[in-house]
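The block underneath contains the structure these notes are about, expressed in structure tokens.
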Amino acid sequence: MKTLLINIKEILQVREESIDKLEGSAMGILPKLDNAYLLIEDDIILDYGVMNECPNTDNMDLVIDATGKTVLPTWADSHTHLVYSGNRELEFVDRINGLSYEEIFNRGGGILNSAKKLQETTEEDLYKQSCKRLEEVISQGTGAVEIKSGYGLTLEAELKMLRVIKRLKDNYPIAIKATFLGAHAFPTVYKDNHQGYIDLIVNEMIPAIAKENLAEYVDAFLETGYFSCEETERIIKAGQAYGLIAKVHVNQFTAIGGIETCVKNGALSVDHLEIVTDEDIEILKGSITMPVALPTCSFFISIPYTPARKMIDAGLPLALASDSNPGTTPSGNMNFVVATACIKMKMTPEEAINAATINGAYAMGVQKEYGSITKGKKASIIITKPLHSFYELPYAFGTNNIDQVILNGKVQNI
Ligand code: NIG
Ligand code: FE
């Protein structure tokens, strides 16, 4: 099957050579090709070039005229919790009325509220609820997504979540990576027995998950009042023994040395980073660990934004992800993530798009196949509506400027 896109106003993120990630000033450069064609064969990008070198349209199975439109790689959303049950709109109203996220958690709400709901939900129902959310993010241009467990908090319920993620992987054309987040919060019965819950994670949950091959990554909520550096380190090491690589929630509310723990233990990414110290920046420099910012979480629960300018200006890479979850970010819309990064974190559109494509792909280990328009990579692309320029994407933050989404060569019904 050959698909040819013609008369494309501009193709963004065109890279002849595949790269792993971008850092510092290189993030400000977004290579593009004007007045171009793009040729797809089956699920692969076969070729691209300027229109006056465009192949003959006669031999094509499908020709898409993209006059006035922009083409870019689909978003790589490296941090989501989009498998969950019900929602938490009552807590949203509690927060409007003055309660903090922390106060709600301490009253038994928050993660424990979602865990209770999920434990009472059947696998089938959980799958159906999750399909809806996955279909929504596909329509919003996401072509690769990481999904975490962590609302189970028992062996049985964590396995239920991960099996749902596996089913989504099997049934949808979007690339999915699964992360085990048993260490999301201490269940009430283990409130005064942290050691007991960590033993359960290490001795029972991780081996069971590995046996069914249900996850690629392991995560923990490394935060004051949740999991300490030492507890997280134990979980990371236990995961490593089963081939799970760490991607960790860290520095959302406080800086307690978590970044150092993660970098030292070879984490692929450290995510949230609303609070970042100068020392953290030094530790991240030159490491393999991708810092990941979640600006729509900051937006929704009114906490500081990740200091992106300071980090990029210091030479660091940065990825952007949605954090889609029922408590702190009930949205997986990466277009809004990119817009918020530009508006609130002062990232340029070039930086934000690099952060949400190639750097996002790196932060979930799919950069060899996704994240740029490169020959041989998967043909997962967004075709926008006609735009004055791609700056309109973050500028018109409330407008749906996506016209079509192609995943692995197939035009999606959105
Ligand atoms: O990434 N911070 C930890 N976990 C999620 C939120 C969990 C929840 O409130 O349900 C996050 O923001
Ligand atoms: Fe999260």
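Look at (1) within 29 Å of I11 (Cα to Cα); (2) open to solvent by 10 Å² or more (accessible area, probe 1.4 Å); (3) away from ligand 2 (no atom under 16 Å from the Cβ) and you find that E279 fails only one, number (1).
Residue-by-condition table, conditions (1) open to solvent by 40 Å² or more (accessible area, probe 1.4 Å); (2) in contact (Cβ under 8 Å) with a residue 24 or more places away in the chain:
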| residue | (1), (2) |
| --- | --- |
| Y362 | no, yes |
| K368 | yes, yes |
| K375 | yes, yes |
| K378 | yes, yes |
| L393 | no, yes |
| G398 | yes, no |
| D403 | yes, yes |
| N408 | no, yes |
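Restricting attention to the stretch 199-231, the residues that are in a helix (DSSP H, G or I) and closer than 21 Å to N106 by Cβ total 1.
Among the residues of the stretch 68-84 satisfying the criterion of being of a type outside the set (G, A, S) and more than 10 Å from I383 (Cα to Cα), which is farthest from ligand 1 (Cβ to nearest atom)? Don't jump to the end; show me each part of the working.
Kept after step one, since they are of a type outside the set (G, A, S), are these residues of the stretch 68-84: 69-75, 77, 79-84.
Narrowing further to those that are more than 10 Å from I383 (Cα to Cα): 75, 77, 79-84.
Values: W75: 18, D77: 13, H79: 7, T80: 9, H81: 6, L82: 12, V83: 12, Y84: 8 Å.
Filtering the stretch 68-84 for residues that are of a type outside the set (G, A, S) and more than 10 Å from I383 (Cα to Cα), the one farthest from ligand 1 (Cβ to nearest atom) comes out as W75.
Of all the residues in the stretch 251-273, those that are open to solvent by less than 10 Å² (accessible area, probe 1.4 Å) and either assigned to a loop (DSSP other than H, G, I, E, B) or not assigned by TED's automatic domain parsing to the domain that holds T329 (or both) number 4.
Scanning the stretch 34-59 for residues that are open to solvent by less than 40 Å² (accessible area, probe 1.4 Å) and either touching a Pro at 6+ places or on another chain (Cβ under 7 Å) or without any contact (Cβ under 8 Å) to a residue 40 or more places away in the chain (or both) yields A36, Y37, L39, G49.
Note on the stretch 247-285: residues that are within 16 Å of ligand 1 (Cβ to nearest atom) and in contact with a Lys or Arg (Cβ under 6 Å, 6 or more places away or on another chain) amount to 1. Scanning the stretch 110-137 for residues that are out of contact with any Ser or Thr (no Cβ under 8 Å at 6 or more places or on another chain) and open to solvent by 10 Å² or more (accessible area, probe 1.4 Å) yields N113, K116, T122, E123, E124, Y127, K128, C131, K132, E135, E136.
Checked against the criterion of being touching a helix residue (DSSP H, G or I) at 6+ places or on another chain (Cβ under 7 Å), within 16 Å of ligand 1 (Cβ to nearest atom) and hydrophobic (A, V, I, L, M, F, W, C), the candidates M334, M347, M364, M311 yield just one match: M334. When you scan the stretch 286-297, do you find a residue that is part of a helix (DSSP H, G or I), more than 13 Å from ligand 1 (Cβ to nearest atom), of a type in the set (A, V, I, L, M, F, W, C) and open to solvent by less than 10 Å² (accessible area, probe 1.4 Å), even just one? Checked the stretch 286-297: no residue is part of a helix (DSSP H, G or I), more than 13 Å from ligand 1 (Cβ to nearest atom), of a type in the set (A, V, I, L, M, F, W, C) and open to solvent by less than 10 Å² (accessible area, probe 1.4 Å).
The values are calculated or read from the model by the stated rules, or taken from the named source; none is laboratory data. Quantities reported herein were computed from a predicted structural model and do not represent experimental measurements. Every residue, glycine as well, gets a Cβ built from its backbone with ideal geometry; the counts of neighbours run over all protein chains shown. Keep in mind that these areas ignore ligands, DNA and RNA; they rest on the heavy atoms of the full protein, side chains included. Shrake-Rupley method; radii C 1.70, N 1.55, O 1.52, S 1.80 Å.
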